[in-house]
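J.: Okay, handing you the structure first.
The values are calculated or read from the model by the stated rules, or taken from the named source; none is laboratory data. Since the model is a prediction, treat every value here as computed from it, not as a measurement. Here the Cβ is made from the backbone with ideal geometry for all residues, glycine too, and neighbour counts use every protein chain on show.
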Amino acid sequence: MNPTPLFPIRSAARALRGLAGLAAALLAGAALAQSALPVASVKNVPETFFGTTVDDPYRYFEDVKNPEVAAWMKAHSEHAFATLKAIPGRDRLRQRIEQLDASAPARVVGVQRTPAGAWFYEKRGVGEDQFKLYVRQGAGGAERLLFDPETLKAATGQPHAINYYSPSPDGRYVALGVSAAGSEDASLRVLEVASGRQVGPEIPRAQFGAVSWTPDSREFYFHRMQKLEPGMPPTDKYQRSSAVVMRPGDAEADVRTVLTAGSALGIPATEFAIVDIQPDGRALLIVLDGVSPDFAAWHSTLAALRAGKPDWQPLVKRADRVTGLALRGDRVWALTFNGASRYRVVSGPVAGFSLAKAQVVVPESQRVLTGLDGAQDALYLSARDGNVKRLYRIAYRDGAQPVEVPLPVAGNFSTSGVRADLPGVLLDLQGWTRARQLYEVPAGGAVRNTGLQPAGPFDAPTDIVATEVMVKSHDGAMVPMSIIHKQGTQLDGSNPVLLYGYASYGITEEPWFSYSRLAWMEAGGVFAVANPRGSSVFGRDWHEAGKQTTKPNTWKDFIACAEWLITQKWTQPAKLTIWGGSAGGILVGRAMTERPDLFAAVVPSVGSLDMVRAETTSNGVPNIPEFGTRANEAGFRALLEMSTYHQIRDGVNYPAVLLTHGVNDPRVEVWTSTKTGARLLAASRSGRPVLLRLQYDSGHGIGNTKSQVFDEVADVYAFALWQMGVPGFQPAR
């Protein structure tokens, strides 16, 4: 579920005219075709929790290899693809999305620097489906291709993607994780940078990587999952993982375990232990649960680790609520929400560090502090001020105050390329109406464009604006929403609006640019983005007000935003579609079941839709801190309340629904969508379509090829426009 997260039209008029009749026939007969599809048998499995019986009519769908289930999935998915493909205007929209994206010569992401002067980054050029790894000496050096995952697709027939990479400080090696078909089950490999050849074998079960090289580049530490032996339950997958170490060229048998979760320091088996080596030889042990922003940390030395005798000393506890650390010399700086919902920065000596005795460097204010990076020259602090991200520089000296770094775009950014032995930071900066550019913030200097991200002609549309509003929710809370639309949009209730949200894990929807969104607006659409409770747009308290037992606030806030769009005449129910992915499936699914009258269409993508059964899956146990556990009554009732599948009622006129999912999804099981689809098909009396779009060479979306992304976005947009009655997307009558 988490952490992590999308036209002149050139086509032959004659061909389009020829296809129009076919499209009309297919869509006019969609209801008939759907009725001819296999109907899922009801095989109810009731369970009783704390006196409440919960029905599960499609429990058998959880066995996706069951021939009956597999045949049902295949038939419904083929029907969905055929129906979506036949929507008039769908292919034209798909072409326009690709055309707009291709207007930028390439997309560059994930820049990392080394003390030796090498710059590494991933790039996907026009006409390429996947990001490739490149290297150059300095920002202006000659570019050289280092690794191309498309060669693996050519050899295996499956799409492969780079999940992560980490260069050694001397620039001689790079460790990277690569996975197939959206599985995210990355194997780690080491490349020699000079030759590009692989050194040593692939190391499996390195899904999350968290690679940290030693300062001398002799070895690196990373996070490794345990091996699931036959008979072990799937819920063990993310338990008892280890921090391990190896050298370039080592065989798998040479990988040495440093620490296994559940075996030392009181670390629970369900948490992840990561070793992070600092340039000065200090070793940090970071322990986190994978879904919460805060962590615990210990410190030792690299020398002690190499001697096999690490003396782990506590640095911060989970109760300290620390989400960011920076070390320099004998001092540590910490970003914490302990006693400060919008965060503060404190500092103190590493030895015997105590949050209670730490000096307050940046107190809590109306800004929400979102990130802390320790570079060689200074601390760099990220802060969200309304819907604008600001960057501050703080000198390493007592009494130093934050100094704002002026940025060329008022929007959102992420930092990268930050090292304690290198000055400055890199910024990936964008806004609702400004495309991404990559900037360098040098030590004490002005921000400058690296030139790594080529600009395109549609990067700064002058006819698109963002309107920021605050919406009163059911209990008076004010919910922020951004509305991206064409200038001069008339508020007459006629606009097709796509309302998007997520609202889990404290993840906030900050301004982001999208070429496909331009295609949506060219087709007449308005795009709205809400930040209900469950996000952290206003800090930690906003997140806490939308998780576990308070989760209903998320969809109630979302419903309030939908109602506001209607009352302010941006749209009307017949022209309103909601879209959410992963944990955002809770948001849109429950908004649909609570207010089915409010929407024309609903799109849960890889949605978390059966929350009562989520805990039985491999990724369910790590998500207990965010959603709760059915092992206690409060947790069970919270999970039942947020479970779309269990809230569907017979005989209700539900909106049209498009469920999209990758069959290889390791985060949210595909059966959450198939069970929900089967239940909606049986329960809904509206006659509106329920489509199940499954991709068999995809997963949760991480690692999807560009073609897969464009296909899905075009299908979502076309489905919404069809269901909202937009001309050009309707079958001929």
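J.: Which one of these is of a type outside the set (Asp, Glu), in contact with a strand residue (DSSP E or B) (Cβ under 8 Å, 6 or more places away or on another chain) and part of a helix (DSSP H, G or I): 265, 315, 305? Steps first, please.
T.: On the way: 265 fails: part of a helix (DSSP H, G or I); 315 fails: part of a helix (DSSP H, G or I).
Checking each option against the conditions leaves just 305.
J.: Looking only at segment 408-464, count every residue that is among the β-branched types (Val, Ile, Thr) and in contact with an Asp or Glu (Cβ under 8 Å, 6 or more places away or on another chain) and tell me the total. Working first, answer last.
T.: Step one: filter segment 408-464 for residues among the β-branched types (Val, Ile, Thr), giving 409, 415, 418, 425, 433, 441, 447, 450, 462, 464.
Applying the additional criterion that residues be in contact with an Asp or Glu (Cβ under 8 Å, 6 or more places away or on another chain) yields 415, 418, 425, 447, 450.
Within segment 408-464, residues that are among the β-branched types (Val, Ile, Thr) and in contact with an Asp or Glu (Cβ under 8 Å, 6 or more places away or on another chain) number 5.
J.: A follow-up question, please. In this structure, does residue 188 turn out to be within 21 Å of residue 162 (Cα to Cα), surrounded by 15 or more Cβ atoms within 10 Å (Cβ to Cβ), modelled with pLDDT of 95 or more and touching a Gly at 6+ places or on another chain (Cβ under 7 Å)? So that I can check it myself, show each step before the final result.
T.: On the way: within 21 Å of residue 162 (Cα to Cα): yes; surrounded by 15 or more Cβ atoms within 10 Å (Cβ to Cβ): yes; modelled with pLDDT of 95 or more: yes; touching a Gly at 6+ places or on another chain (Cβ under 7 Å): yes.
Considered against the rule, which asks whether it is within 21 Å of residue 162 (Cα to Cα), surrounded by 15 or more Cβ atoms within 10 Å (Cβ to Cβ), modelled with pLDDT of 95 or more and touching a Gly at 6+ places or on another chain (Cβ under 7 Å), residue 188 comes out as yes.
J.: Look at segment 324-369 and say how many of its residues are aliphatic (A, V, I, L, M) and part of a loop (DSSP other than H, G, I, E, B).
T.: As a first pass, look at segment 324-369 and keep what is aliphatic (A, V, I, L, M): 325-327, 332, 334-335, 340, 345-346, 350-351, 355-356, 358, 360-362, 368-369.
Next, from what is left, pick out any that are part of a loop (DSSP other than H, G, I, E, B): 340, 350-351, 358.
Number satisfying all stated conditions: 4.
J.: Can I ask one more? Kindly indicate the residue of segment 559-579 that is assigned to a loop (DSSP other than H, G, I, E, B) and in contact with a helix residue (DSSP H, G or I) (Cβ under 9 Å, 6 or more places away or on another chain) and also surrounded by the fewest Cβ atoms within 10 Å (Cβ to Cβ) among those meeting that condition.
T.: Per the criteria, the residue is 572.
J.: For the structure I just gave you, tell me whether residue 536 is touching a Phe, Trp or Tyr at 6+ places or on another chain (Cβ under 6 Å), hydroxyl-bearing (Ser, Thr, Tyr) and in the same structural domain as residue 657 (by TED's automatic domain parsing).
T.: Values: touching a Phe, Trp or Tyr at 6+ places or on another chain (Cβ under 6 Å): yes; hydroxyl-bearing (Ser, Thr, Tyr): yes; in the same structural domain as residue 657 (by TED's automatic domain parsing): yes.
Judged against the criteria, residue 536 is a match.
J.: Of the residues 172, 107, 94, 113, which is basic (Lys, Arg) and surrounded by fewer than 19 Cβ atoms within 10 Å (Cβ to Cβ)?
T.: Working: 107 fails: surrounded by fewer than 19 Cβ atoms within 10 Å (Cβ to Cβ); 94 fails: surrounded by fewer than 19 Cβ atoms within 10 Å (Cβ to Cβ); 113 fails: surrounded by fewer than 19 Cβ atoms within 10 Å (Cβ to Cβ).
So the residue among 172, 107, 94, 113 that is basic (Lys, Arg) and surrounded by fewer than 19 Cβ atoms within 10 Å (Cβ to Cβ) is 172.
J.: How about segment 150-190: which of its residues are in a loop (DSSP other than H, G, I, E, B), of a type in the set (S, T, N, Q) and more than 27 Å from residue 661 (Cβ to Cβ)? Before you say what the answer is, go through the steps one by one.
T.: Residues of segment 150-190 that are in a loop (DSSP other than H, G, I, E, B), as a first pass: 157-159, 168-172, 181-186.
Going one step further and asking which of them are of a type in the set (S, T, N, Q), we end up with 158, 168, 183.
Correct list: 168 only.
J.: Right, next: Being among the charged types (D, E, K, R) and within 17 Å of residue 223 (Cα to Cα) is the filter here, so list the residues in segment 267-305 that pass it. Quick ask: steps written out before the conclusion?
T.: Pass one, segment 267-305, residues among the charged types (D, E, K, R): 271, 276, 280, 282, 289, 294.
271, 276, 289 - these are the residues of segment 267-305 that are among the charged types (D, E, K, R) and within 17 Å of residue 223 (Cα to Cα).
J.: Between a residue in segment 197-212 that is assigned by TED's automatic domain parsing to the domain that holds residue 227 and within 12 Å of residue 249 (Cβ to Cβ) and any residue that is part of a strand (DSSP E or B) and of a type in the set (Lys, Arg), which pairs come within a Cβ distance under 9 Å, given they are 6 or more apart or on different chains?
T.: What qualifies is 198/189; 199/189; 200/189; 201/189; 203/189; 203/224.
J.: Looking at segment 251-262, can you tell me whether even one residue there is within 27 Å of the chain's Cα centre (by Cα), surrounded by fewer than 17 Cβ atoms within 10 Å (Cβ to Cβ), outside any strand (DSSP E or B) and on the phi < 0 side of the Ramachandran plot?
T.: Scanning segment 251-262, I find no residue that is within 27 Å of the chain's Cα centre (by Cα), surrounded by fewer than 17 Cβ atoms within 10 Å (Cβ to Cβ), outside any strand (DSSP E or B) and on the phi < 0 side of the Ramachandran plot, so the answer is no.
J.: Say we look at segment 99-132 and pick out the residues that are assigned to a strand (DSSP E or B) and of a type in the set (D, E, K, R); which of these is farthest from the chain's Cα centre (by Cα)?
T.: Looking only at segment 99-132, we keep the residues that are assigned to a strand (DSSP E or B), and these are 106-113, 118-125, 132.
Keeping just the survivors that are of a type in the set (D, E, K, R) gives 107, 113, 122-124, 132.
Details: 107: 18, 113: 24, 122: 18, 123: 19, 124: 19, 132: 20 Å.
Among residues in segment 99-132 that are assigned to a strand (DSSP E or B) and of a type in the set (D, E, K, R), the one farthest from the chain's Cα centre (by Cα) is 113.
J.: Next up: With respect to residue 435, is the statement that it is under 23 Å from residue 100 (Cα atoms), surrounded by 15 or more Cβ atoms within 10 Å (Cβ to Cβ) and not assigned by TED's automatic domain parsing to the domain that holds residue 118 true? Working first, answer last.
T.: Values: under 23 Å from residue 100 (Cα atoms): yes; surrounded by 15 or more Cβ atoms within 10 Å (Cβ to Cβ): yes; not assigned by TED's automatic domain parsing to the domain that holds residue 118: yes.
Yes, satisfied.
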